[in-house]
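Trainee: First the structure, then my questions, so here it is.
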Amino acid sequence: MQDDRSAIINIVNLYAVAVDARRYDLFAQVFSDDIQCDFGGGAAFTNRDALESAFAAIHAVFDSTQHLTSGHVISLNGDRANCLSYVVGRFRRRLEDGEGFFESAGWYDDFLVRTPVGWRIRERASRMVSTSGDLRVMQVMPGVDTNYELFSLFNEADKGSVRFFSLPPAPGS
């Protein structure tokens, strides 16, 4: 049996595998039904079915994607947890003048709850620190602004915008 920290890291990493393999049915093992996900630029979702449907449409245009999560830091408090992790996303697709590549780096700020079937992400905020490559690669999402706003973790933490810092750990964790 996995300990809580390992299970939470596995959930965060399973999200990346689900997206890159286009296996959005795996989101049922990652997210609760009643999610609050904010990926920035207007890409926000309030239920898992909508997230699955939107991600299937959005990612269909890419020839490949790769999401790398690392640096997981977890704060546990009973049946609630926060996980802050770093992410690098790579996106490749054919453009009218050749192959395009785009990369972003940032973090996921996840709030998780323990359910009868295991840990699930209930809230996610995804923020970017940097981008590089051809921005046209990402111009595929109707209603989503690809003039990305970039954030620094320390500024967002100072403003109280990072949930990870709001849930105190349980005694002895």
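Trainee: Kindly list, by first and then second residue, each pair from a residue in the stretch 147-159 that is without any contact (Cβ under 8 Å) to a residue 60 or more places away in the chain to a residue that is of a type outside the set (A, V, I, L, M), limited to pairs with Cβ atoms under 6 Å and residues at least 6 apart or on different chains.
Mentor: Sorted first by the residue in the stretch 147-159, then by its partner, the pairs are Phe151/Arg127; Ala157/Phe165.
Trainee: Keeping to the stretch 13-38, report how many residues are in contact (Cβ under 8 Å) with a residue 24 or more places away in the chain, touching a Phe, Trp or Tyr at 6+ places or on another chain (Cβ under 9 Å) and closer than 20 Å to Met138 by Cβ.
Mentor: The number of residues fulfilling the criteria is 6.
Trainee: While we're here: If I ask for residues that are among the small types (Gly, Ala, Ser) and over 20 Å from Ser152 (Cα atoms), which ones from the stretch 59-118 would you list? Spell out the reasoning first.
Mentor: Here is the first cut: in the stretch 59-118, the residues among the small types (Gly, Ala, Ser) are 60, 64, 70-71, 75, 78, 81, 85, 89, 98, 100, 104-106, 118.
Of everything in the stretch 59-118, those that are among the small types (Gly, Ala, Ser) and over 20 Å from Ser152 (Cα atoms) turn out to be Ala60, Ser64, Ser75, Gly78, Ala81, Gly98, Gly100, Gly118.
Trainee: Of the conditions (1) within 16 Å of the chain's Cα centre (by Cα); (2) under 19 Å from Leu26 (Cβ atoms), Val129 clears all except one; give me its number.
Mentor: All conditions are met except number (2).
Trainee: Right, Met138: within 30 Å of Asp33 (Cβ to Cβ) and surrounded by 19 or more Cβ atoms within 10 Å (Cβ to Cβ) or not?
Mentor: Working: within 30 Å of Asp33 (Cβ to Cβ): yes; surrounded by 19 or more Cβ atoms within 10 Å (Cβ to Cβ): yes.
In short, yes.
Trainee: What are the residue pairs meeting all of these: first residue in the stretch 39-60, first residue closer than 15 Å to Asp25 by Cβ, second residue hydrophobic (A, V, I, L, M, F, W, C) and assigned to a helix (DSSP H, G or I), Cβ atoms under 6 Å, and 6 or more apart or on different chains?
Mentor: Going by the 6 Å Cβ cut-off, the qualifying pairs are Arg48/Phe27; Glu52/Phe27.
Trainee: OK, next. Return yes or no: is Ser126 modelled with pLDDT of 95 or more, more than 22 Å from Arg80 (Cα to Cα) and of a type in the set (Ser, Thr, Tyr)?
Mentor: Working: modelled with pLDDT of 95 or more: yes; more than 22 Å from Arg80 (Cα to Cα): no; of a type in the set (Ser, Thr, Tyr): yes.
Judged against the criteria, Ser126 is not a match.
Okay, residues lined up against (1) at pLDDT 95 or above; (2) of a type in the set (D, E, K, R); (3) touching a strand residue (DSSP E or B) at 6+ places or on another chain (Cβ under 9 Å):
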| position | (1), (2), (3) |
| --- | --- |
| Gln66 | yes, no, yes |
| Ser70 | yes, no, yes |
| Gly78 | no, no, yes |
| Leu84 | yes, no, yes |
| Val88 | yes, no, yes |
| Asp97 | no, yes, no |
| Glu103 | yes, yes, yes |
| Tyr108 | yes, no, yes |
| Val113 | yes, no, yes |
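Trainee: Name the residues in the stretch 27-74 that are aliphatic (A, V, I, L, M) and within 22 Å of Val113 (Cβ to Cβ), would you? So that I can check it myself, show each step before the final result.
Mentor: As a first pass, look at the stretch 27-74 and keep what is aliphatic (A, V, I, L, M): 28, 30, 35, 43-44, 50-51, 54, 56-58, 60-61, 68, 73-74.
Listed by number, the residues that qualify are Ala28, Val30, Ile35, Ala44, Ala50, Leu51, Val73, Ile74.
The values are calculated or read from the model by the stated rules, or taken from the named source; none is laboratory data. Everything numeric here is computed off the predicted structure, so don't read it as measured data. Quick reminder, even Gly has a Cβ in these numbers, built from the backbone with ideal geometry, and neighbours come from all protein chains shown.
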